Amino acid sequence: MDERQRQTPYLDALCAYASRNPARLHVPGHKGGQGADPGLLEAIGERALSMDIPALTYGIDVGSDPTPFEQAQRLAADAWGARRAWFLINGASQGNLAAGLALAQRGGDVVVQRNAHSSTIDSLVLSGLRPTFAAPEVDPELGIAHCLTAETLQEALERTPAAVGAWVISPTYFGAVADIRALAVVAHARGVPLIVDEAWGAHMAFHEALPEHALAAGADLVISSTHKIVGSLTQSAMLHLGHGAGEMIGEDTVDRAVTLTESTSPNALLAASLDAARRQAVVHGSELLGHTMTVLAETRAQIRAIDGLDVLDDRLVGRAGVFAYDPLRLAVDVRGVAASGYELAPLLREIGDINLELYGQNVLVAVFGMGERGLGEASRLVEALRTAVERVGLEPEGTLASFAAPPPWGELAMTPREAYLGAQEVVPAEQAAGRIAAESLATYPPGIPNVLPGERLSAETIAYVQRTLELGGSVRGASDRQLHTVRVVLEDGEEPGSGR
């Protein structure tokens with residue numbers, strides 16, 4: 001290990017500035033704590049407020065080259081094996097926005113995995129890119145989307161000869177990992193960069209038993225949501241440029257896109273947490289991840305021993321769209337229980353104050369961090385699941401609950417940008433079928449758009465989203481969060497209120 005990886009230059013520079021009690025004749029107005037609300041001061045402490053230091057501060061991110069901030073980003077690039085790394089203070093969502101804007105420098109068409117996160121769709125709106133969507137493999141038993149296969153990507157690129165990039169997701173919310181090496185070969189054969197939304201896989205670079213991470217497998221630009229598993233503060237993330245990107249996607253182009261999408265008042269605590277999380281991952285990651293994987297393997301065995309429950313694990317490997325499996329996701333298959341995931345999630349909160357990352361019709365997902373040493377929540381989850389199953393009972397013997405698969409995606413009638421910015425109106429949801437959506441409808445969980453701006457709406461899709469809301473989910477992108485109404489495009493010749 002490079003001994004420099006034990007250092008945290010940016011965090012140390014913030015600490016040094018705060019400790020010397022400087023004259024703070026700059027923002028923010030709380031002045032390191034002196035001007036803060038007493039409740040905030042008591043809640044987060046004077047030390048945290050003293051390190052809330054603005055950008056363009058000498059000795060931190062300006063001054064002698066390289067500055068502590070530049071040093072921290074270089075150490076992150078080395079840690080993940082990137083040509084360059086950018087700290088993001090608006091989450092992996094900012095990374096997706098920047099990726100789309102960087103691709104748009106090369107042209108107008110792009111191939112995108114259709115179950116992309118909603119921030120990827122936001123990027124299409126901002127960049128104006130015209131997507132060709134490539135469908136992921138859908139598990140026939142669980143009804144969840146896995147990854148994109150190389151064959152599907154090849155076909156989509158053949159349909160899009162002017163594509164400037166291929167944009168895929170790995171790992172998925174449920175732990176499926178794509179064959180990134182094969183996807184990179186397909187993309188590079190067409191002369192386009194492979195963009196990987198690896199929001200859920202930042203930890204995979206730090207233990208040999210984990211699936212190969214995207215940069216090591218040949219990806220060119222990787223969005224890494226560092227806070228999810230590696231443990232930086234919420235809303236902090238990184239964007240990594242691969243060594244092989246070459247002229248397919250230039251460093252300066254990405255840098256301009258990151259600058260365009262970031263605040264001019266970045267939060268120093270977020271960036272400092274990235275610096276610290278990188279150190280912990282490099283220095284202690286293998287040990288911590290090994291412990292976490294051992295505990296979760298035991299936890300899976302305990303859950304499988306509960307009648308009616310099963311777990312997702314590496315038995316999925318080999319199914320269409322599953323090249324490998326990430327064991328840091330604990331996904332519970334509840335199809336053998338006489339209650340859906342939507343019903344079990346609130347019951348688990350009632351029983352043991354168990355708060356899950358995601359729940360759907362058939363699957364509950366619990367997320368564990370890389371750095372958790374005690375992992376006491378694992379045993380709490382097992383006990384709460386055992387109690388919940390005793391309360392609700394099992395499905396009749398020999399049957400499994402059927403999954404509620406989302407309806408097929410609609411026809412893309414115009415680009416997301418054209419639809420989002422074009423003439424539009426708001427109509428009752430029951431009158432929206434057949435119209436072109438002017439907004440995304442992305443049910444949470446898991447935040448994958450059921451409808452994109454530019455796609456034609458169907459009655460089945462509207463009913464599916466409304467049903468998700470009734471079950472306790474939410475919808476991102478909709479101007480009416482209860483979906484009584486939908487914002488739709490006014491097509492040529494249509495008048496507002498015409499109702500078609």
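All of the numbers you see were taken from the coordinates with simple rules; none came from a lab. Computed from a prediction, not measured in an experiment: that's the story for all the values here. With ideal geometry, Cβ positions are generated from the backbone for all residues, glycine too; neighbour counts draw on all protein chains shown.
Structural remarks
- For the stretch 41-115, size of Cβ-based charge dipole, Lys and Arg +1, Asp and Glu -1, in debye: 440 debye
- Rounded FRET efficiency, nearest 0.05, which uses the C-beta distance separating residue 353 from residue 317 and R0 of 35 Å: 0.55
- Sorted fewest first by neighbouring Cβ atoms within 10 angstrom, 295, 258 come out as 295, 258.
- Residue 294 versus residue 423: modelled label distance in nm, points set 7 Å from Cα along the beta carbon direction: 6.8 nm
- Positive-end residue of 260, 242, 289, charge dipole of the chain with Cβ unit charges: 260
- Extended-chain gain in nm, criterion 0.36 nm per residue less alpha-carbon gap, residue 264 and residue 12: 88.5 nm
- Counting beta carbons within 10 Å around each of 238, 414 and listing the fewest first gives the order 414, 238.
- Shape of the stretch 285-392, Cα gyration tensor, a/c cut at 1.5: oblate
- At R0 = 51 Å, FRET efficiency that the Cβ-Cβ distance of residue 155 and residue 64 yields, to 0.05: 0.45
- Diagonalising the gyration tensor over the Cα atoms of the stretch 80-275 and scaling each eigenvalue by 5 before taking the square root yields semi-axes of 24, 20, 15 Å, largest first.
- When only alpha carbons are used to place a centre, the stretch 449-488 and the stretch 16-90 end up 40 Å from one another.
- The charge dipole of the stretch 285-392, taken about its Cα centre with unit charges on the Cβ atoms of Lys, Arg (+1), Asp and Glu (-1) only, comes to about 180 debye.
- Cβ charges +1 (Lys, Arg) and -1 (Asp, Glu), total dipole of the chain, debye: 720 debye
- Globularity ratio of the stretch 414-500, using Cα Rg and 2.2 N^0.38 Å: 1.00
- In terms of surrounding Cβ atoms within a 10 Å radius of their Cβ, 291, 240, 146 rank from fewest to most as 291, 146, 240.
- Extreme residue, positive dipole direction of the chain, given options 57, 342, 440 (C-beta unit charges): 57
- Placing pseudo-labels 7 Å out from each Cα toward the beta carbon at residue 46 and residue 141 gives an inter-label distance of 5.9 nm.
- Remark: the residue 411-residue 5 segment gains 141.2 nm on full extension, using 0.36 nm per residue and subtracting the alpha carbon distance.
- Between residue 133 and residue 430, the distance separating the two model label sites (each 7 Å from Cα on the Cα→Cβ line) works out to 2.7 nm.
- The chain - mean residue ellipticity at 222 nm from DSSP helices (-39,500 (n - 2.57) per run, n ≥ 4, rounded to 500): -11000 deg cm²/dmol
- Binning the alpha carbon pair distances of the chain at 20 angstrom intervals from zero yields the distribution 22, 53, 24, 1, expressed in whole percent.
- Percentage relative contact order, the chain, counting C-alpha pairs under 8 Å, at least six apart: 14 percent
- Percent antiparallel among DSSP beta bridges (both partners in the chain, rounded to 5): 70 percent
- Using a Förster distance of 56 Å, the FRET efficiency for residue 252-residue 469 (Cβ separation, nearest 0.05): 0.80
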